[in-house]
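The values are calculated or read from the model by the stated rules, or taken from the named source; none is laboratory data. This one's a predicted model, so the numbers in the text were calculated from it and none came from an experiment. With ideal geometry, Cβ positions are generated from the backbone for all residues, glycine too; neighbour counts draw on all protein chains shown.
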Amino acid sequence: MSIAARTLGALSIERSQENAVESGRAKLEDSWRRSIEQYRLDPGRPVVTRVLTANECRHLREREESFLRIAQPGATRLHEQVRDSGYCVLLTDAQGAAIDFRGQGQLEQEFRGRGFRLGACWSEEEEGTCGVGTAIVERSPILVHKQEHFLALNDRITCSAAPIFGPDDELLGVLNASALSAPDDRRSQSLVYNLVTQNTALIENAVFSEACRNNWLVRLCPAGDDWGVDEGLYLALDGEGRIVRTGRGLRRRLSRLSQPLDAISDLLDADAESLLRHAHEHPGVPMQVRCHANGGFFQLHLRAPTPTPVRAMIGRSPVRDETGFGPLVSADPRVAASIDRIKRLADSRVPILLQGETGAGKEAFARAIHAYSKRRDKAFVALNCAAIPESLIESELFGYREGAFTGARSKGSPGKVQLASGGTLFLDEIGDMPLALQTRLLRVLAEGEVMALGASTPDWVDLHVVCATHRNLETMVAQGLFREDLLYRLNAATFRLPPLRERSDIQVLIQRILHEEARQSGRNVVLSGEVEQRLLAYHWPGNVRELRNVLRFAVAVCEGSVLQTVHLPENLQPGLAAASSPAASAPAASSARRETADKADILNALERTGWHISEAARQLGMSRSTFYRRMWRYGIGSGVHEGASKADA
């Protein structure tokens, strides 16, 4: 069949199909148009799906650890529902990279060969019309069935995908179910499509519940329903009974309300005091309430805030939340001093810059600042500047208006800055922000205004900015890679988080994290003396994050109550630690000197060529892939100017 015939066939979707699935017709047509006009893809391209390297995949899963923890039960549930019918399940991040994969027995290898695997990148920009990529762009569930895929390589598979959103409508990832073969009639996919959307709602509910753990959580269910299917009718209340957040499912139900909701009594025939009284007098029993919006009756369940006793929140002003810094309290004098000073700045408009190695706890500190501040009931919005393609970071950060560019949503989309207004904006890896966007961020910090793409007037925003980086920004300024005026805006309050190997409280940290991991698994586990000494002597290149992963692994494989060296990962096993022995010290020192010289050669080559990767690699006689690997190993990062990156592309 010709490409033209495939195009016409893929866009001719029968009007008689079920409404939920048929509603995707216009989205598929728009996606095909983007694939042709915007991405300029070749439908007959034989190249298979791009897959991240093992190292890239590991770092991606580390960045998405909290989302993974919450979303994986939903992915497991969906897989159990569809696997016997020959389907696999993908969970991706917000850019379409797979962070979790569930295969299907004898089809496992075939799935992997078709791009369904951990680390596979299913963005629409690379794959054209496809389940994951198109769901991301359209920000809505989509069924892409067989020849509706843009690439001929994918025209036998079927994909049902749904985006997963956070409490503030930020895109977190995508849940996708795919089969390698299916009947031609796309109506055969209605059940799988519905299962995907149902499990996506469950994940969003879990995310909402976790995000609102410091608030009263109200869960509504139509009267007579036995909670068999969670419809996602959630909202969160502050200490005075005001509505601070509303779940997506409930927002859809209430979309026609002309007045915004403030107090719980604006929605239901109940106030905060009556909810509290019922919870005390009838613990665990739902309360029947009537909704003012439609007159319908609902069963209401109330969950108390996690850190505070039930009686302390409703009916009085909320107290400052100390739990944000609770897990970070440290006997190390530098960390303790930083916490004390940061607390004094939590309610200021002074931007805070956190510096430290990967895994040192920068995001944990940022979240603690938000939880401790008066903004804690508003949004905490995080953006990893190193994890978003340069072509997308501007629209992600500043948003866009209708018609701002080809493929833009009909109603536009708010950016991270607008979503964080009233709360905290956390910019992780700020050193990786492109120079052009640094200028616009400077305006946001100086004027409190943000101009969305395609907008004629700016929006006023009120936010506290916290940034983090593992880079030396002063050096980047000297190299012309970071704006000096932006640095001076950001470094008014700079805090360096020491690496784990330098902390004097490492022994306390080990015991605290062991206790947390053991409690999560319902166990009571202690360290043997040998294991404790080995952990204290280890250099911890991955810092606190690596320590937690090591102890999580050890607790999982230990069947008794005492952790022995045999339960540690291989790199901490005695037989593999010879490099730290006195006999090995000379070779180790020699190796360290070689690595220092190698790093210096790479930096010098990059500076000579204006950070042009291909040219620098050629001058050193390396392949570009080897050059990239060594940059990654030495923590140099890309640092490529726009022109150089285009030349390398």
Members of region 183-194 found to be in contact (Cβ under 8 Å) with a residue 24 or more places away in the chain and surrounded by fewer than 20 Cβ atoms within 10 Å (Cβ to Cβ), listed by number: D184, R187, S190, N194
Of the listed residues (S190, S178), the one being over 28 Å from L300 (Cβ atoms), under 23 Å from the mean Cα position of the chain (by Cα) and at pLDDT 90 or above is S178
Give region 24-49 a look and list any residue that's more than 14 Å from E124 (Cβ to Cβ) and either outside any loop (DSSP other than H, G, I, E, B) or not assigned by TED's automatic domain parsing to the domain that holds R117 (or both), or say none. R25, A26
Could you check region 514-544 and list, in sequence order, the residues that are closer than 21 Å to E65 by Cα, touching a helix residue (DSSP H, G or I) at 6+ places or on another chain (Cβ under 9 Å) and either among the small types (G, A, S) or surrounded by 19 or more Cβ atoms within 10 Å (Cβ to Cβ) (or both)? L514, E517, A518, S521, W540, G542, N543, V544
Can you go through L91, L78, L118, L107 and tell me which one is of a type in the set (A, V, I, L, M) and at pLDDT below 90? L107
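Tell me which residues, restricted to region 602-621, are outside any helix (DSSP H, G or I) and either more than 32 Å from the chain's Cα centre (by Cα) or hydrophobic (A, V, I, L, M, F, W, C) (or both).
T609, G610, W611, L620, G621
In this structure, does A420 turn out to be assigned by TED's automatic domain parsing to the domain that holds A364 and either modelled with pLDDT under 70 or surrounded by fewer than 20 Cβ atoms within 10 Å (Cβ to Cβ) (or both)?
no
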Among the residues of region 136-180, what is the count of those that are of a type in the set (K, R) and either in a strand (DSSP E or B) or surrounded by 23 or more Cβ atoms within 10 Å (Cβ to Cβ) (or both)? 0
Residues in region 83-106 that are buried (at least 18 other Cβ atoms within 10 Å of the Cβ), over 20 Å from A135 (Cα atoms) and not small (G, A, S) total 1
Would you check which residues across region 76-127 are assigned to a strand (DSSP E or B) and within 22 Å of E148 (Cα to Cα) and list them? Y87, C88, V89, L90, L91, T92, A97, A98, A120, C121
